[in-house]
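Input: a single structure, listed below in structure tokens.
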Amino acid sequence: MLRRCLDLLGPALAEPGAVVVDCTLGLGGHSEALLRTFPAARLVALDRDKEALRLAGERLAPFGERATLAHAVYDELPDVLDRLGVPRVQGVLFDLGVSSMQLDEADRGFAYAQDAPLDMRMDQTAGMSAAEVLNTYPPGELVRILRTYGEEKQARRIVSAVVREREKEPFDRSARLVELIREALPQAAKRTGGNPAKRTFQALRIEVNGELSVLERAIPAAVNTLAVGGRIAVLSYHSLEDRLVKQVLSAGATSTAPPGLPVVPERYQPRLKLLTRGAELPAEEEVAANRRAAPARLRGAERLREGAV
């Protein structure tokens with residue numbers, strides 16, 4: 001959906017001096033496309049993963065001073081812009097979830113299809129690993145995480161097995177967790193929805209990286225950095241992310257006027273205009289070429305006027 005993201009952001013990035021933020025740099029594919037497509041724009045790109053910053057830095061080196069990379073989580077965007085002396089930006093892009101690099105590096109522990117240390121930290125220099133979460137959280141908290149972040153109906157059954165096994169030996173490898181989940185689930189639950197471990201791995205990843213709490217702060221903060229006429233595009237990959245994005249953008253696009261006013265004062269007018277009707281989905285051709293694009297949901301909005309969202 002890269003082309004569609006570029007189309008959504010394009011009208012705000014044509015003027016010289018426009019600043020666009022890639023809040024989820026990864027390996028730099030989106031950032032490179034932004035710099036090539038909008039030659040008058042300057043890029044600010046964020047990532048919490050130092051290895052991603054290093055690799056993306058090499059990729060974007062030909063663009064010189066047009067690209068500024070920052071080691072930061074995306075809810076820190078206002079602080080990054082403040083340090084750079086950038087009061088407002090014309091475009092913001094989020095490509096949420098785990099990056100292809102993190103999925104493909106076995107020793108990161110994100111992928112349930114291969115054995116690896118149970119880490120799952122996007123920034124491996126900070127925070128608790130997935131193994132520490134599994135080995136130390138109270139059973140009730142683990143059940144909450146699996147149900148809330150993984151939408152796992154069998155959370156209590158899985159957690160009971162985890163608690164029983166961690167008393168024998170702490171968890172440290174992904175293959176052991178995958179096997180435990182397979183054994184814990186009833187046959188009917190294993191016949192639908194792909195790999196039975198995917199919901200548990202998603203839940204652990206979200207907990208380890210604080211993804212939803214960070215996103216809950218990041219989307220309003222990003223919208224509030226937009227200049228009038230600036231645009232935001234957000235790609236999310238599961239319903240929890242998409243729901244948060246929808247709530248913020250829809251609220252910004254809604255009048256806050258009390259009902260019954262014959263004339264609505266400007267202070268009550270919507271601050272955003274939605275650029276997508278609901279969430280846009282990837283085309284069949286894109287999914288066929290890249291199966292990881294299948295769950296993607298794209299939403300976009302334009303800043304109409306000043307005022308906090």
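Only the coordinates and a few stated rules stand behind these numbers; no lab work does. In this text, all values refer to a predicted model and were calculated from it rather than measured experimentally. For neighbour counting, all protein chains shown are included, and Cβ atoms are generated from backbone atoms with ideal geometry for every residue, glycine included.
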Rank G230, L240, T200 by how far each Cα sits towards the positive end of the charge dipole of the chain (+1 on Lys, Arg Cβ; -1 on Asp, Glu Cβ) and give me just the farthest.
L240
How much length, in nm to one decimal, is gained on full extension between T276 and E58, taken as 0.36 nm per residue of separation minus their Cα-Cα distance?
75.1 nm
If I stretch the segment between E167 and R88 completely, what's the gain in nm (0.36 nm per residue apart, minus their alpha carbon distance), one decimal?
23.2 nm
Just to confirm the filter: which trypsin sites (Lys or Arg not before Pro) across the range 224-309 are DSSP coil and have at most 15 other Cβ within 10 angstrom of their Cβ?
R277, R305
Lys pairs under 15 Å by Cα in the chain, provided they are eight or more residues apart or on distinct chains:
4
Per-selection Kirkwood Rh - the chain (Cα, Å, 1 d.p.):
20.7
Computed E for Q187/R144 - FRET, C-beta separation, R0 30 angstrom, nearest 0.05:
0.70
Run the quick spin-label model on T254 and E15: label points 7 Å from Cα toward the beta carbon, then report their separation in nm to one decimal.
3.1
Could you work out the helix-only [θ] at 222 nm for the chain, with each DSSP H run of four or more residues adding -39,500 (n - 2.57) and the total divided by the number of residues, to the nearest 500 deg cm²/dmol?
-13000 deg cm²/dmol
At 30 angstrom or more along the helix axis (alpha-carbon based) and mean Kyte-Doolittle of 0.5 or higher, what helices does the chain contain? Whole DSSP H runs only.
none
Which length gain, in nm to one decimal place, applies between A126 and R36 when the Cα-Cα distance is subtracted from 0.36 nm times their residue separation?
29.0 nm
Measuring from a point 7 Å past the Cα of A294 along Cα-to-C-beta, which residues in the range 261-286 have an amide N at less than 14 Å?
282-286
